[in-house]
Amino acid sequence: MKFEDLLLEIGGFGRFQILILFILCLPRINLPMHFLLHNFLAATPSHHCAIPHQEAFVNLTVEEVLLISIPREPDGTFRSCEMFSQPQFHLLLNSSLQPENNSIIQHCQHGWVYDHSQFTSTISTQWDLVCEQRGLNQATATFFFIGVTLGAVVFGYLSDRFGRKAMLLLSLVCSVIFGMLSAASVSYSMLAIMRTLTGVALSGVSLIVLPLGMEWVDIQHRTFSGILTSIFWSIGNMLLAMVAYLVREWHWLLVAVTGPCLLSIVCLWWVPESARWLIANGKVKQAHRHLLRCARMNGRKEFAVSPEEDVPLTTYAQRIVLQWQHKKPGGSYSYISLFRTPVLRKISLCSGAVWFGVAFSYYGMSMNLTGFGLNMYLSQFVFGVIEIPAKMIMYVVMNRAGRRQSQAWALILTGLCIGANVIIPKPFTSLRSVVAIMGKGFSEAAFTAVFLYTSELYPTVLRQNGMGYTSFVARLGGALAPLVFLLDEVWRSLPEVTYCGVAACCGSVAFLLPETLNAHLPEGIEDVE
């Protein structure tokens, strides 16, 4: 007796599953609001060196004071990180005669003046993370993703050991605590530590939401549940643009994107633990209680009373579950278990390569794809909108062509689009933009597919360990992606060629994975082998 057979009897996709999926989609909205928050949290507005003793220039306009105090770039804009050691009054007569003697130019000595027309404050303006300190500003995102990488390992193991719901609740509570402490940071060091811990906590949400929902859904609706939770990521993208537009002060922006986690914590009360996990770990009575609740909500009242008179108080659903009691409860599993048996070892190696390629190309394109000539808020909103059609199309394709073909070709086509822009001449800007946006769509489709596909490949007793391992590999890909831009010093097109090659190669590896379309979710390692 498979768990899917039990689901068919008590309702594999009824009101019970719809309620669970929509509740689990709430924390999913929060993820991009933190994962992409760096664009607004650490935004650096235009700035220039602070000019001392401005009272001595009362007869000069602001533009003239800047002219005699700040050197200019070749394009005529004022430099952000340098100033004249002495006022250059002769520039008032001929501003085009920039001094050739660099000895009179020095780094900013008295701080900076920022343009506050777009942002009231960011962490850049709070702690002057510009010029020589610009690396610390970018490191804020690195610290967050280091936390996400560590969290993938921690929560992947803990949720297989102690249950999905308990670890999801812990993850959400920690996200609220560390998110609010980030907003209350009084120093850069405190902010860096709190953002790292926030990344650890939110990694648990990212890992657990999809498998927990999918373990309650029948085979026919697994793809739908995966795409639905993925669409709420895109909705979070759009909401981030609107929240950041309305809240221009970084402390309150952190509060605004962290607050919704409280709603998710309250709503999680109505989400049961995964019955698959409970049964696999020998907790049959708890699983029976949740299954009865599922049957009642889905209108399967025939399970409330047994049809057989000799078992008056035992429901049909419970008798199905009792068959599992003869099965040995799940033992102790760890990440090493992913590589002990031959088939599972092959799945782990290949899925790790696919995840690396997906994240590497996705973040490579996201950091390299220029906007549409729009302001940053509108660009963020449009990028969220673009993702939704890609996910809708992937829903149809994955159900028709299967998981393996969809995953492989989405990643390969991402690589081909990146490679095509290496060949297309720079003057063809419209064509290059169209190809880049197509690549972004394929990249998002590949990311959508890999979450669902991986959840179906691993057995219940190791599913979260598998998700933790693949998420860890993906974060490595995401961390390496921006460093590849440094290769343009060797050859201008080498970064794009690298993204193209990695995406195409990792996409080809997906052909080595087994197909899971309309297949039962494996419960134990023996089911995979």
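The values are calculated or read from the model by the stated rules, or taken from the named source; none is laboratory data. Bear in mind that the values here come from a model prediction, so they are computed numbers and not experimental data. Using ideal geometry, Cβ is built from the backbone for each residue, glycine included, and neighbour counts are taken over all protein chains shown. These area figures cover heavy atoms from the full protein model, side chains too; ligands, DNA and RNA do not enter into them. Shrake-Rupley method; radii C 1.70, N 1.55, O 1.52, S 1.80 Å.
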(message) As I understand it, the value is the acute angle between the Cα axis of helix 222-246 and the longest principal axis of the Cα atoms of the chain; what does it come to in degrees, rounded to 10?
(response) 30
(request) Leaving out ligands and nucleic acids, note down the accessible area per residue over region 375-529 with a 1.4 angstrom probe, in whole Å². (result) 41
(message) Pairing rule first: another cysteine's C-beta must sit under 4.7 Å. Under that rule, which cysteines of the chain stay single?
(response) CYS25, CYS174, CYS261, CYS267, CYS294, CYS350, CYS417, CYS500, CYS505, CYS506
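Assign one of three labels to region 47-114, namely rounded, prolate or oblate, based on the Cα gyration tensor with a ≥ b ≥ c the square roots of its eigenvalues; rounded applies when a/c is under 1.5, prolate when it is not and a/b is larger than b/c, and oblate otherwise. Don't jump to the answer; show the numbers that get you there.
Working: a/c = 1.40, a/b = 1.06, b/c = 1.32.
Here region 47-114 falls in the rounded category.
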(message) With +1 on the Cβ of every Lys and Arg and -1 on the Cβ of every Asp and Glu, and nothing else charged, how large is the dipole of the chain about its Cα centre, in debye rounded to the nearest 20?
(response) 1640
(message) From zero outward in steps of 5 Å, how is the percent of C-alpha pairs of region 1-137 spread across the bins?
(response) 2, 8, 14, 13, 12, 9, 7, 5, 4, 4, 4, 4, 4, 3, 3, 3, 2, 0, 0
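Answer rounded, prolate or oblate for the chain, using the Cα gyration tensor with square roots of eigenvalues a ≥ b ≥ c: rounded when a/c is under 1.5, else prolate when a/b is larger than b/c, else oblate. Kindly include the intermediate steps, with their values, before the conclusion.
Numbers: a/c = 2.78, a/b = 2.05, b/c = 1.36.
Cα axes put the chain in the prolate bin.
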(request) Using θ = phi - 60° and the Karplus relation 6.51 cos²θ - 1.76 cosθ + 1.60, list the HN-Hα couplings for region 4-13 in order, rounded to whole Hz, with x at every Gly or Pro. (result) 4, 5, 5, 4, 4, 6, 9, x, x, 7
(request) Considering only lysines 8 or more places apart in sequence, or on different chains, count the pairs in the chain whose C-alpha atoms sit under 27 Å apart. (result) 23
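For the chain, what % of the accessible area comes from carbon and sulfur atoms, probe 1.4 Å? Numbers along the way, then the final one.
Numbers: 15080 of 23240 Å².
Heavy-atom surface of the chain belonging to carbon and sulfur, 1.4 Å probe: 65 percent.
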(request) On a 0 to 90° scale, report how tilted helix 284-297 is relative to the longest principal axis of the chain, with both axes built from alpha carbons and the result rounded to the nearest 10. (result) 80
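Please get the size of the charge dipole for region 47-114, origin at its Cα centre, with Cβ charges of +1 on Lys and Arg and -1 on Asp and Glu, quoted in debye to the nearest 20. Let's see the in-between values first.
Working: 2 positive and 7 negative charges, 18 e Å.
Roughly 80 debye for region 47-114.
Between rounded, prolate and oblate, where does region 336-528 land on the alpha carbon gyration tensor, with a ≥ b ≥ c its root eigenvalues, rounded for a/c under 1.5, else prolate if a/b exceeds b/c?
Prolate.
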(request) Give me the accessible area per residue for region 47-114, probe 1.4 Å, as a whole number in Å². (result) 63
(request) Using DSSP to define loop residues, name the trypsin sites (Lys or Arg not before Pro) in region 1-40 whose beta-carbon has at most 16 other beta-carbon atoms within 10 Å. (result) LYS2
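Show that you can apply the helix-only estimate: for the chain, add -39,500 (n - 2.57) for every DSSP H stretch of four or more residues, divide by all residues, and state [θ] at 222 nm to the nearest 500. Spell out each step's value before the answer.
On the way: 21 runs with 332 residues, N = 529.
So the calculated ellipticity at 222 nm is -21000 deg cm²/dmol.
Take each of the peptides 129-141, 268-280, average the number of other beta-carbon atoms within 10 Å over its residues, and list them starting from the highest. Mind dumping the intermediate values first?
On the way: 129-141: 16.3, 268-280: 20.6.
Peptide ranking by packing, descending: 268-280, 129-141.
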(request) For region 115-127, just list the computed ³J(HN,Hα) in residue order, Karplus coefficients 6.51, -1.76 and 1.60, θ = phi - 60°, integers in Hz, with x standing in for Gly and Pro. (result) 7, 9, 5, 9, 10, 5, 7, 9, 5, 5, 6, 5, 10
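Could you calculate, for region 184-302, the ratio of the Cα radius of gyration to the Kirkwood radius, expressed as Rg to Rh? Don't skip to the answer; put the middle values down first.
On the way: Rg = 18.8 Å, Rh = 17.5 Å.
Expressed as Rg/Rh, it is 1.08.
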